[in-house]
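The values are calculated or read from the model by the stated rules, or taken from the named source; none is laboratory data. On a predicted model such as this, the values are computed, not experimentally measured, just so you know. Cβ placement follows ideal geometry from the backbone for every residue including glycine, while neighbour counts extend to all protein chains displayed. The accessibility values were calculated without ligands, DNA or RNA, using every heavy atom of the protein model including side chains. Shrake-Rupley method; radii C 1.70, N 1.55, O 1.52, S 1.80 Å.
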Amino acid sequence: MSMDTTRSAALAARASRVIPGGVNSPVRAYGSVGGTPRFLVSGSGAYVTDVDGNEYVDLVASWGPALLGHAHPAVVDAVQQAAGRGLGFGASVPQEAELAEEIIARMPDIERLRLVSTGTEATMTAIRLARGATNRPLIVKFAGHYHGHSDGLLAEAGSGLATLAMPGSAGVTAETAGQTLVLPYNDLAALEAAFAQHGERIAAVITESAAANMGVVPPMPGFTGALIELAHRNGALVIVDEVLTGFRASRSGYWGIEKEQVPAGVAPDLFTFGKVVGGGLPLAALGGRAEIMDLLAPLGPVYQAGTLSGNPLAVAAGLTTLRHADDDTYRALARAADAVASEVSAALTASGVPFHLQRAGTLFSVVFGEFAEAPRDYATVQRQNVAQHRAFFHAMLEAGVNLPPSAFEAWFVTAAHDDAALERIAAALPGAARAAAEV
Ligand code: PLP
């Protein structure tokens, strides 16, 4: 018997009458997988519960922020205490500097940090800052990378645009789009050619630390380091976007892993953060060397501001999350990621479904389909078998496992994915693999 989703279906119909597509962020509409989008009412640890009372082991984790699991008692307590003192003042609060210090302690290449409210704001501001610092107009981004929904960064973007197979967005002027050069990921020759042609006009290269919005596609060994050296030789800055990977792929993001392979002294100029850094509330950040960051107002000529920037509830959630994200947390995340990754591989192999399991630290995802080698760019992952993903997704959902409703998103474990949660996932996998095999 299939799961009762009567209330979710009724809420979806009701929301569709007053909210475009019934959702406030496109992928939530289940457009690419079909079926009834679940309306969630609560979450605890590794589990979420929908409005019909169905419980799922969650592998979405609020798209990343729930590193410690849902409603972690210490985070909830910190937010409640902060709320009791006032929801926000539009003035500085003591914990903002503490959060900046905690981030800088994990990311030694950062000297100054500014708090904003969303990852979109963080990357948008980083780009303005790069243009302000270099006095150059052009930005280089990679196809399939997603950096939020500001106009200049939507071309060939991952995440929801990949899910909906949209090459970009209407409403972005040709002039704005023309200031972004989109290149294939992991292709150093393409980057060299772009610098040879436009070198003196490129303000910055922005790259996801490890791409995770077209599914997970890690950088090839040496790619990010070579990218930084090439950009710097040409007087351009490098923005490493850790909104998704930050404090999740490892204690110090994917850059913490990548750094080991990069020559000493080679480092990005700016980093962006979101998701985990806000512990589930709207908070994001950008950081970098003092000489660049101090170009921001009120010290310098690059303007940025926010009514809710440094909001005390969001700061309390982020600070408490990071302080609890210790070595045990990262061990638990790695253990959960290893377990799910190996069980999904075993189940798909047993059912004869061709796939690649892609990994970046504790982040991973599955690309369905036959490929000569592990996919390394957007053009390749776009050829995956989304129909198999759809069948697999629905079988997992029906068995009580909430996967991202898109073939182009990473899977997110939490430190709360204990043996019981992992066993439920393992029990669901063989049936889902068989469903994918039947497509
Ligand atoms: N950058 C990356 C790498 C992301 O994954 C995202 C969101 O998924 C963003 C930026 C945008 O963040 P937000 O959704 O908070 O605006």
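Here are a few things to note about the model shown:
- Its Cα centre serving as origin, the range 82-175 has a Cβ charge dipole (Lys and Arg +1, Asp and Glu -1) of approximately 160 debye.
- Helix 119-134 and the long axis of the chain differ in direction by around 20°, with both axes built from C-alpha atoms.
- When the chain is described by a simple charge dipole with +1 on each Lys and Arg Cβ and -1 on each Asp and Glu Cβ, the residue from 104, 344, 190 located farthest towards its positive end is 190.
- Excluding ligands, DNA and RNA, the accessible surface per residue across the range 321-360 is 44 Å² with a 1.4 Å probe.
- Once backbone amide H atoms are built at 1.01 Å from N, residue 204 has 140, 237 as its partners under 5 Å, excluding neighbours fewer than 5 places away on the same chain.
- Ligands, DNA and RNA left out, the accessible area of the chain computed with a 1.4 Å probe is 53% carbon and sulfur.
- Using a Gaussian network model of the chain in which every pair of alpha carbons under 10 angstrom is joined by a spring, one finds that among 175, 101, 55 the greatest mean-square fluctuation is at 175.
- If both residues of a DSSP beta bridge must be in the chain, then about 60% of such bridges are antiparallel.
- Per-residue ellipticity at 222 nm from helix content only, as computed over the chain with -39500 (n - 2.57) for each DSSP H run of at least four residues, stands at -11500 deg cm²/dmol.
- Accessible surface, the range 387-439, averaged per residue in Å² (probe 1.4 Å): 32
- Among the GluC sites (Glu not before Pro) found in the range 294-398, those both in a DSSP coil and sparsely packed, with 16 or fewer other Cβ atoms within 10 Å of their Cβ, are 370, 373.
- Accessible area per residue for the range 92-195 is 41 Å², calculated with a 1.4 Å probe on protein heavy atoms, without ligands, DNA or RNA.
- Packing, taken as the mean count of other beta carbons within 10 Å per residue, orders the peptides 23-36, 119-132 from highest to lowest as 119-132, 23-36.
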